[in-house]
Amino acid sequence: MTVHVLILCTHNSARSVLAEGMLNHLAATLGADVRAHSAGSAPSGRINPFALEALANAGIATGAFRSKSWDEFSADGAPPLDIVITVCDSAAAETCPVFFGAQGQPIKVHWGYPDPSNAEGGDEGKRRAFELTRQAIGYRMLQLLALPLATMDRTALQAALAEIGRS
């Protein structure tokens, strides 16, 4: 059964998109039955071009990405969510809509990353910040994919995901 992971950030234009792209790419590479989605509480309506560039430079197709509201994932027909990960502090502090998963409420964790859009140093500074953020997210996604997701109970999975967020 596919594990559905929703990654949230306020604008769904940078960190959450990097995380969606990295998790889907790594899951496909490793043959893991995991599907990432991303959304925001106040979607900007566009993906940051530096996020798309960082993903493309890593060999990830970027044509299907779009900035979308988290409301799509609480509507009828939405995929059953198993895990919800917030990647920006403002989204972590917001009251999320009710999401339903295969086993009721999904497990929620926060894995914070500084906003690479705020990097100094002009375009080159932003490119560097986006690439470093993509790499940091990729490392955590590899740790997530190393977990025995199909056999872990909710308490153990919650603890393991929280530990990944602290590393």
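The values are calculated or read from the model by the stated rules, or taken from the named source; none is laboratory data. Just so it is clear, the model here is predicted, and its values are computed rather than measured. Every residue, glycine as well, gets a Cβ built from its backbone with ideal geometry; the counts of neighbours run over all protein chains shown.
On inspection, Pro114 passes the criterion of being out of contact with any Gly (no Cβ under 6 Å at 6 or more places or on another chain) and at pLDDT 85 or above. Taken over segment 43-56, the criterion of being at pLDDT below 95 and surrounded by 21 or more Cβ atoms within 10 Å (Cβ to Cβ) is satisfied by Pro43 alone. Scanning segment 12-42 for residues that are of a type in the set (Ser, Thr, Tyr) and part of a loop (DSSP other than H, G, I, E, B), we see that the one that is modelled with the highest pLDDT is Ser13. Mind checking whether some residue in segment 3-15 is farther than 19 Å from Met141 by Cβ, out of contact with any Pro (no Cβ under 8 Å at 6 or more places or on another chain) and surrounded by 18 or more Cβ atoms within 10 Å (Cβ to Cβ)? Scanning segment 3-15 turns up at least one residue that is farther than 19 Å from Met141 by Cβ, out of contact with any Pro (no Cβ under 8 Å at 6 or more places or on another chain) and surrounded by 18 or more Cβ atoms within 10 Å (Cβ to Cβ). Candidates are the residues of segment 135-167 that are in contact (Cβ under 8 Å) with a residue 12 or more places away in the chain and outside any helix (DSSP H, G or I); the one that is surrounded by the most Cβ atoms within 10 Å (Cβ to Cβ) is Leu149. Scanning segment 61-76 for residues that are closer than 11 Å to Gly21 by Cα and of a type in the set (Phe, Trp, Tyr) yields one hit, Phe65. Among the residues of segment 43-65, the ones that are out of contact with any helix residue (DSSP H, G or I) (no Cβ under 9 Å at 6 or more places or on another chain) and either in a loop (DSSP other than H, G, I, E, B) or not aliphatic (A, V, I, L, M) (or both) come to 6 in all.
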